[in-house]
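Asker: My questions all concern the structure below.
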Amino acid sequence: MATSEILSLLVEFVNKNSNVADVQWDRRMSPRLLFNPYSEKYEERKITAHYFLLAASILDDTVVRYPENARMLLVYLHEAFGNSLFEIKKPHIFEEEIVKADFYHDLGPNKKAASEILASVNLFIRTQAERNLLSYAQKFSKPKNFLENLTQNIPALSGPHKDRVWIYMRWMVRQQPDLQIYDHLLPADLYVPLTKENTNVAASLGLIPTATPSLWNDEASAAYARQKITDFAKRLFPKDPAKVDYPFFLLGRWLKQKKLNRYTLKTALDFLERMQKITGQPQAYYQKMSRYKSGWEKKTALTLLRMHIPFGYETISFPLSDEVYTPDFILEKRLQGRKIILEPHFEMTKKQARKYALFKRIYGHQFLLILLLKNDLIPMYHQRKILTDDVCDDVWPIEFIHLLAEKIRRGTYGQ
């Protein structure tokens with residue numbers, strides 16, 4: 001069981017990081033939603049309830065690969081169909097539009113299932129909920145009862161996929177930064193969704209024996225693990241156990257591919273606390289964002305996406321002595337415990353070089369900085385002493401970013 005010191009750190013971490021909007025509607029991200037999910041208007045609340053059940057239903061690595069892609073896909077379809085999006089019950093109509101998307105190949109290997117899933121959700125809302133989830137939800141006094149009804153009526157949300165519904169319930173029941181659409185249901189009755197990130201935290205705490213994918217293969221084992229995590233969260237936050245969901249998601253991403261125990265958990269909590277004090281913001285980074293300032297950045301992003309290397313784009317700023325530095329790409333991949341930063345540049349000045357050198361001096365123990373520059377300009381930067389040994393950890397020709405990405409993906413970079 002967790003020690004009192006770790007529990008204290010964990011409670012502090014949750015309290016500091018539970019006020020961040022979910023990736024599905026975070027206004028800092030693009031593409032922007034076509035409606036206001038926080039609207040108090042009844043008709044817009046109906047849209048919010050329906051729209052995010054569609055979003056939750058496709059939150060599967062094999063379908064969209066990353067949660068950020070679910071947002072991108074739903075916005076794309078909403079732009080294409082308008083509010084007719086909510087009336088489509090024939091999968092082929094969705095499929096014919098989805099295949100046109102320029103991000104189609106960035107979706108998961110089972111991407112074709114998205115059309116069937118979305119159509120089945122719409123069919124349920126039309127035939128069972130009579131086009132009004134707000135009214136339909138009133139039949140249920142607890143989120144669990146509503147969840148059981150949804151899993152019985154929508155096959156894509158049944159069995160090992162029911163945690164998509166717990167995610168949906170968290171969005172719909174909790175107050176801001178969640179949406180509290182079903183305000184007759186109580187946050188105290190929510191369960192903590194059994195996600196990969198949450199199980200990383202739970203295994204580190206000793207609540208469950210493993211965080212391996214086999215956990216979801218047996219419904220009884222998954223139910224036991226979900227209950228253990230929720231019981232733990234209720235001891236910390238009796239009236240709002242799902243408060244831990246986003247902070248655990250954040251923490252669980254940092255624990256990915258590490259040995260899961262109390263020591264690594266405390267190390268992660270200590271580091272994230274130091275970084276938050278320095279930067280003044282949560283250490284969130286997303287796996288897919290869509291607005292790049294230059295062709296070099298777009299080239300880098302597309303290469304990482306094709307190689308299936310998770311990354312965040314301009315997601316955190318680091319204070320330096322008299323300015324801030326916002327890295328372009330922070331990868332989930334680590335080299336000897338350090339996260340990899342890729343910084344593409346068409347041209348580089350001495351001022352920029354000094355900024356990178358200062359960043360490396362302050363944060364170099366946690367981040368490995370690789371500059372991506374035009375191959376024919378690299379010798380000139382060395383000759384003019386713009387590129388000196390203290391500026392970065394490595395320089396790579398941007399023309400050969402695919403070779404670098406392949407080495408990173410295979411784990412052979414630096415060997």
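The values are calculated or read from the model by the stated rules, or taken from the named source; none is laboratory data. Every value quoted in this text rests on a predicted model; they were computed, and no experiment measured them. Here Cβ is always computed from backbone atoms with ideal geometry, including for glycine, and neighbour counts include all displayed protein chains.
Asker: Of all the residues that make up the range 235-245, how many are surrounded by 15 or more Cβ atoms within 10 Å (Cβ to Cβ) and more than 8 Å from ALA188 (Cβ to Cβ)? Break it down into steps so the answer makes sense when it comes.
Answerer: From the range 235-245, those surrounded by 15 or more Cβ atoms within 10 Å (Cβ to Cβ) are 236-237, 240-245; that's our starting set.
From what is left, the residues that are more than 8 Å from ALA188 (Cβ to Cβ) are 236-237, 242-245.
Qualifying residue count, the range 235-245: 6.
Asker: Kindly indicate which of ASP61, ASP102, ASP106 is out of contact with any Gly (no Cβ under 7 Å at 6 or more places or on another chain), closer than 25 Å to GLU197 by Cα and of a type in the set (Asp, Glu).
Answerer: Details: ASP61 fails: out of contact with any Gly (no Cβ under 7 Å at 6 or more places or on another chain); ASP102 fails: closer than 25 Å to GLU197 by Cα.
The unique qualifying residue is ASP106.
Asker: Continuing with the same structure: Picking from LYS243, LYS239, which residue would you name as being assigned to a helix (DSSP H, G or I), modelled with pLDDT of 95 or more and not assigned by TED's automatic domain parsing to the domain that holds MET169? Break it down stepwise before answering.
Answerer: Details: LYS239 fails: assigned to a helix (DSSP H, G or I).
The match here is LYS243.
Asker: Output the residues belonging to the range 3-43 that are closer than 15 Å to PRO67 by Cα and of a type in the set (Phe, Trp, Tyr).
Answerer: Across the range 3-43, the qualifying residue is only TRP25.
Asker: Since SER84 meets every condition but one in (1) more than 20 Å from GLU197 (Cβ to Cβ); (2) in contact (Cβ under 8 Å) with a residue 12 or more places away in the chain, which condition does it not meet?
Answerer: (2)
Asker: Take the residues in the range 373-410 that are free of Cβ contacts under 8 Å to residues at least 24 places away in the same chain and not basic (Lys, Arg), then tell me which one is surrounded by the fewest Cβ atoms within 10 Å (Cβ to Cβ).
Answerer: Ranking the candidates gives ASP389 first.
Asker: Considering only residues that are among the hydroxyl-bearing types (Ser, Thr, Tyr), farther than 18 Å from ILE58 by Cα and part of a helix (DSSP H, G or I), which ones fall in the range 133-153? First the steps, then the outcome.
Answerer: As a first pass, look at the range 133-153 and keep what is among the hydroxyl-bearing types (Ser, Thr, Tyr): 135-136, 141, 151.
After this cut, where a residue has to be farther than 18 Å from ILE58 by Cα as well, the list is 135-136, 141.
Those that are among the hydroxyl-bearing types (Ser, Thr, Tyr), farther than 18 Å from ILE58 by Cα and part of a helix (DSSP H, G or I): SER135, TYR136.
Asker: Tell me, which residue of the range 38-58 that is within 28 Å of PHE103 (Cβ to Cβ) and assigned to a loop (DSSP other than H, G, I, E, B) is nearest to the chain's Cα centre (by Cα)?
Answerer: Ranking the qualifying residues of the range 38-58, first place goes to ILE58.
Asker: Could you pull out the residue among LYS293, LYS277, LYS288 that is modelled with pLDDT under 80 and surrounded by 20 or more Cβ atoms within 10 Å (Cβ to Cβ)?
Answerer: Details: LYS293 fails: surrounded by 20 or more Cβ atoms within 10 Å (Cβ to Cβ); LYS277 fails: surrounded by 20 or more Cβ atoms within 10 Å (Cβ to Cβ).
Unique residue meeting the criteria: LYS288.
Asker: Looking at the range 24-33, can you tell me whether even one residue there is among the polar types (S, T, N, Q), buried (at least 20 other Cβ atoms within 10 Å of the Cβ), at pLDDT below 95 and within 30 Å of SER158 (Cβ to Cβ)? Working first, answer last.
Answerer: Of all residues in the range 24-33, those among the polar types (S, T, N, Q) come to 24, 30.
From what's left, buried (at least 20 other Cβ atoms within 10 Å of the Cβ): 24.
Now narrow it down to the ones that are at pLDDT below 95: 24.
Narrowing further to those that are within 30 Å of SER158 (Cβ to Cβ): 24.
Yes, the conditions are met somewhere in the range 24-33.
Asker: If I go through the range 185-216 residue by residue, how many of them are part of a helix (DSSP H, G or I) and under 22 Å from LEU255 (Cα atoms)? Step through it out loud before you land on a result.
Answerer: Pass one, the range 185-216, residues part of a helix (DSSP H, G or I): 187-189, 196-205, 213-216.
Cutting the leftovers down to under 22 Å from LEU255 (Cα atoms) gives us 196-205, 213-216.
Residues flagged as part of a helix (DSSP H, G or I) and under 22 Å from LEU255 (Cα atoms) within the range 185-216 amount to 14.
Asker: Given the condition part of a helix (DSSP H, G or I) and not assigned by TED's automatic domain parsing to the domain that holds TRP171, answer yes or no: does some residue in the range 17-37 qualify?
Answerer: yes
Asker: Identify all residues within the range 105-132 that are of a type in the set (Gly, Ala, Ser), assigned to a loop (DSSP other than H, G, I, E, B) and over 20 Å from SER84 (Cβ atoms); write none if there are none. I'd like the intermediate steps shown before the answer.
Answerer: Applying the first criterion (of a type in the set (Gly, Ala, Ser)) to the range 105-132 yields 108, 113-115, 119-120, 129.
Subset that is assigned to a loop (DSSP other than H, G, I, E, B): 108, 129.
The answer is GLY108, and nothing else.
Asker: Can we say PRO327 is within 24 Å of PHE271 (Cα to Cα), of a type outside the set (Gly, Ala, Ser), touching a Gly at 6+ places or on another chain (Cβ under 9 Å) and crowded, with 19+ Cβ neighbours inside 10 Å? Can you show your working first?
Answerer: Working: within 24 Å of PHE271 (Cα to Cα): yes; of a type outside the set (Gly, Ala, Ser): yes; touching a Gly at 6+ places or on another chain (Cβ under 9 Å): yes; crowded, with 19+ Cβ neighbours inside 10 Å: yes.
It is true that PRO327 is within 24 Å of PHE271 (Cα to Cα), of a type outside the set (Gly, Ala, Ser), touching a Gly at 6+ places or on another chain (Cβ under 9 Å) and crowded, with 19+ Cβ neighbours inside 10 Å.
Asker: Going by what's in this entry, would GLY108 be described as among the small types (Gly, Ala, Ser), under 19 Å from the mean Cα position of the chain (by Cα) and assigned by TED's automatic domain parsing to the domain that holds GLU87? Steps first, please.
Answerer: Numbers: among the small types (Gly, Ala, Ser): yes; under 19 Å from the mean Cα position of the chain (by Cα): yes; assigned by TED's automatic domain parsing to the domain that holds GLU87: yes.
Answer is yes for this residue.
Asker: Another question, then. Keeping to the range 246-277, report how many residues are in a loop (DSSP other than H, G, I, E, B) and more than 21 Å from ILE167 (Cα to Cα).
Answerer: Residues that pass the stated criteria total 5.
Asker: Looking at GLU68, GLU116, GLU96 in this structure, which one is more than 26 Å from the chain's Cα centre (by Cα) and of a type in the set (D, E, K, R)?
Answerer: Values: GLU68 fails: more than 26 Å from the chain's Cα centre (by Cα); GLU116 fails: more than 26 Å from the chain's Cα centre (by Cα).
One residue alone meets the criteria, GLU96.
Asker: Then there's this: What are the residues in the range 355-368 that are more than 16 Å from GLU323 (Cβ to Cβ) and buried (at least 18 other Cβ atoms within 10 Å of the Cβ), if any?
Answerer: The first filter runs over the range 355-368 and keeps only residues more than 16 Å from GLU323 (Cβ to Cβ), leaving 364-368.
If the condition is that a residue be more than 16 Å from GLU323 (Cβ to Cβ) and buried (at least 18 other Cβ atoms within 10 Å of the Cβ), then PHE367, LEU368 are the ones that fit.
Asker: Related question: For the structure I just gave you, tell me whether SER39 is closer than 16 Å to LEU179 by Cβ and either surrounded by fewer than 18 Cβ atoms within 10 Å (Cβ to Cβ) or at pLDDT 95 or above (or both).
Answerer: Numbers: closer than 16 Å to LEU179 by Cβ: yes; either surrounded by fewer than 18 Cβ atoms within 10 Å (Cβ to Cβ) or at pLDDT 95 or above (or both): yes.
When the stated conditions are applied, SER39 passes them.
Asker: Anything in the range 178-198 that is β-branched (Val, Ile, Thr) and modelled with pLDDT under 95? List them, or say none.
Answerer: Restricting attention to the range 178-198, the residues satisfying the condition of being β-branched (Val, Ile, Thr) are 181, 192, 195.
Hit for the range 178-198 is THR195, nothing else.
Asker: State the number of residues belonging to the range 89-105 that are out of contact with any helix residue (DSSP H, G or I) (no Cβ under 9 Å at 6 or more places or on another chain) and under 11 Å from ILE117 (Cα atoms).
Answerer: Residues flagged as out of contact with any helix residue (DSSP H, G or I) (no Cβ under 9 Å at 6 or more places or on another chain) and under 11 Å from ILE117 (Cα atoms) within the range 89-105 amount to 0.
Asker: Another question, if that's okay. Would you say PRO109 is surrounded by fewer than 15 Cβ atoms within 10 Å (Cβ to Cβ), in contact with a Ser or Thr (Cβ under 8 Å, 6 or more places away or on another chain) and closer than 20 Å to HIS161 by Cβ?
Answerer: Against the criterion (surrounded by fewer than 15 Cβ atoms within 10 Å (Cβ to Cβ), in contact with a Ser or Thr (Cβ under 8 Å, 6 or more places away or on another chain) and closer than 20 Å to HIS161 by Cβ), PRO109 qualifies.
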